[in-house]
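Student: The structure that follows is given in the form of structure tokens.
Computed from the coordinates by the stated procedures, all read-outs in this text should not be read as laboratory data. If you're wondering where the values come from, they're calculated on a predicted model, not measured in any experiment. FYI the Cβ positions are ideal-geometry reconstructions off the backbone, even for glycines, and counts take in every protein chain you see.
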Amino acid sequence: MAPPVSKRIKTLSVSRPIIYGNTAKKMGSVKPPNAPAEHTHLWTIFVRGPQNEDVSYFIKKVVFKLHDTYPNPVRSIEAPPFELTETGWGEFDINIKVYFVDEANEKVLNFYHRLRLHPYANTTPNTSNGSEQNTPGRNANDVEVSSIYFDEIVFNEPNEEFFKILMSRPGNVLPSNKTESCVYSKQLEQEEIDRIDIGIEKVDREIHELKQKLESLIKQEAINGN
Amino acid sequence: MSSSDIFDVLNIKQKSKSPTNGHTSVLSSSAVSRAKPQVTGMQRELFNLLGENQPPVVIQSGSNFKEKMLSTSKPSPWSFVEFKANRFVTLRHWVKGSKELIGDEPKESAYSKFNQHLSIPSFTKEEYESFMNETGNQDFLENEKNLNDSHANERVDENKNNWPFEEIIYLFKLCEKYDLRWFLIFDRYNYNESRTLEDLKEKFYHICRNYFKVSNPSNPLLSSLNFSAEKEVERKKYLQRLLSRSAAEIAEEEALIVESKKFEMAAKRTLAERESLLRLLDSPHSDQTITQYLTSQGMSQLYNTLLTDKTRKRKHDPNIPENPWMKQQQQFAQHRQLQQMGVKKSDVKESSSPKKTKRQRQEIQTALKRKSESAYAEQLLRDFNSDERKALGVITHGEKLSPGVYLRSTKLSTFKPALQNKILAILQELSLPSRPVMPSHDIVERQEELLKKINTLIDLKKHVDKYEFGRSITK
């Protein structure tokens, strides 16, 4: 069944926030019955909305491609929640393919996530990539490790039918404040903007200084030259 | 590897083996060797490589050694005869031909025609005084001035300038005798006064000039008889100094020359770089709004500035390869469009200025199209205010971006590896992550601006460093 051809709306884009990543926990003596003996961790990889809202109105399915050593490494999740729980002992790159609903007539969105099982010994949350939250102070054995990324799926120039679907609900809403369940919020966004603005300010200052230095150098040379 | 090996590899049977493996048929090989010219050395190797079926090649027979003296002809007779070297001396030399042929009479040497003498002017005392006075008046006036300037030197000069006529005749005689070979003249000069070589020369040329001014005033070579003793002395001093340099001094001088050339090159390069840098600083920032370019007038203005920019850039970087296929296609398309336009023009009589190029018009068209498209998009969103739009995550960017879906974070600018590392280092210095924690639309926009500024900063820093380095060298 080929999706009906619909005209794209030029110069318009619609974005939807998503978060993806994984949580992992060390298994104790209690193991799932079918887990191999060498597996030490229980992990879950997921693609979902920041507030766990419904994303199935534009995402049809998500395919996770695991390491080749897993039986049936290509796991297709056809219905929400788009998540997969497995056991394992090692970290590897998981290929995530997001398929969109037929009306969208869009290609597959393809990206990677590095599975994280172990907390880094010296995690400094601000400088490390993405945001890994390790709740400190607890026994390392029962700490839940998580590696979660925020991103936005941008539909540039969606077709009209899909545009209607996207416009049917406010899908880009973020909570205004950080909460335990969802750190990605307007507050965090503003904090980050402020941080970048400070960076821009610093860079601007340095550019200004260098410019003046260069101009004075040129002037000096002009004087020396004449 | 000879041809036979190659034939072996290719599994070709040879009719007759070359002599290298010619055990099988002595007969044929001998026949071959008889048919072939006798070749040796490199040429034989060449024959081996060429094989049997080579086209006829002209071979220079014979060895590389000099041919033996085979001539049996009689040696021609040479005879030792007298000749006249000049009027007074007769010498003997070897001449080809028998004695009978040449005869007993001593002949002039064949080289006697090269024995030429200069014609030095000669004059009597009366003539000398007349032409010296005639032209001397002007000189006298000039001398007067000089004398006023240098009264102190007068006494010394007087002695020097005081040439009796006899001495002048003596000088001219010597000149004639030695054909103006000045070093000889100076060496043989033995008159009462002690004169320097420069004095002699100056006097001689001075008199000659006066002489010819009278006898042949329109001679264009007259001005070449100008000789200044002072300059000659100075020149010799310079030469003396130049020749008396030590090896170390010469080496130092050469090193300095090399160094100065380096400086010149570096200066040229820095000048070019600075020019480009100033252009970079002067050019307007690209993060300005584009609204002013959305009208057709603004569009054409933008086009013009871009066009001039392009020519400037191309001058700067002349080796941008051009895709010939694309060019041809473009030309073809333009041609077709032109034809269509020609038809239209006759109907509509377009009022647009003829200067506008095809491309300009095209760009205006696309701009208009995009405008209508964005107008359509705006119209779709007319019911939503900005907050609602934000909630829906919908934006009308009004730009030409490729349609399709992507993750926002993947659209962050990346740079060349070396530059990227520098940018990452600066980001770390600013304690910012290389990837924003929350790559939302606004944050990515800010991040892009930051990246652009960091790029400018790095560029600027590079130039300032280079500039300072250049200055430290020139100091």
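Student: Give a residue-ordered list of calculated ³J(HN,Hα) values for region A:163-177 (Karplus: 6.51 cos²θ - 1.76 cosθ + 1.60, θ = phi - 60°; whole Hz; x for Gly, Pro).
Tutor: 4, 4, 4, 5, 7, 6, 8, x, x, 10, 8, 10, x, 7, 10
Student: Rounded to whole Hz and in sequence order, give me ³J(HN,Hα) for region B:209-216 from the Karplus expression 6.51 cos²θ - 1.76 cosθ + 1.60, θ = phi - 60°, writing x for Gly and Pro.
Tutor: 4, 4, 4, 6, 4, 6, 6, 8
Student: Enumerate the amide H contacts of B:S109 below 5 Å, restricted to partners 5 or more residues apart or on another chain; note that Pro and chain-start residues carry no placed amide H.
Tutor: B:K84
Student: Hey, can you grab everything whose amide H is under 5 Å from the amide H of A:E152? Only 5+ residues off in sequence or another chain; H modelled, so Pro and N-termini drop out.
Tutor: Distant-sequence amide H within range of A:E152: A:I18, B:R408, B:S409.
Student: Can you give the calculated 222 nm mean residue ellipticity of chain A, where each DSSP H run of n ≥ 4 adds -39,500 (n - 2.57) and the sum is split over every residue, rounded to the nearest 500 deg cm²/dmol?
Tutor: It comes out at -7500 deg cm²/dmol, rounded to the nearest 500.
Student: In Å, what Rg and Dmax follow from the Cα atoms of chain A?
Tutor: Radius of gyration, then largest Cα-Cα span, for chain A: 23.7, 88 Å.
Student: Something else: Amide H to amide H, which residues 5 or more places from B:G97 or on other chains are under 5 Å from it, using H placed in the peptide plane?
Tutor: Placed amide hydrogens put B:W78, B:S79 under 5 Å from B:G97.
Student: While we're looking at this one, here's another question. Work out the mean other chain Cβ neighbour count within 10 Å for the residues of A:210-219 and drop it here as an integer.
Tutor: That average works out to 4.
Student: Moving to a separate point now. Read phi for every residue in region A:41-58 and hand back ³J(HN,Hα) as whole Hz from Karplus 6.51 cos²θ - 1.76 cosθ + 1.60, θ = phi - 60°, with x for Gly and Pro.
Tutor: In residue order, the calculated couplings are 10, 10, 10, 10, 10, 8, 10, 7, x, x, 10, 6, 6, 6, 10, 6, 6, 10 Hz.
Student: How shielded is B:272-280 by partner chains, expressed as the average number of their Cβ atoms within 10 Å of its Cβ atoms?
Tutor: Shielding by partners across B:272-280 averages 1.
Student: Which pairs break 22 Å Cα to Cα here: B:K213/B:K236; B:K74/B:K96; B:K177/B:K203; A:K7/B:K358?
Tutor: As for pairs spanning more than 22 Å Cα to Cα, those are B:K213/B:K236; A:K7/B:K358.
Student: Using a 10 Å cut-off around each Cβ of peptide A:167-174, what is the average number of partner chain Cβ atoms that fall inside?
Tutor: Whole-number average of other-chain Cβ neighbours for A:167-174 is 5.
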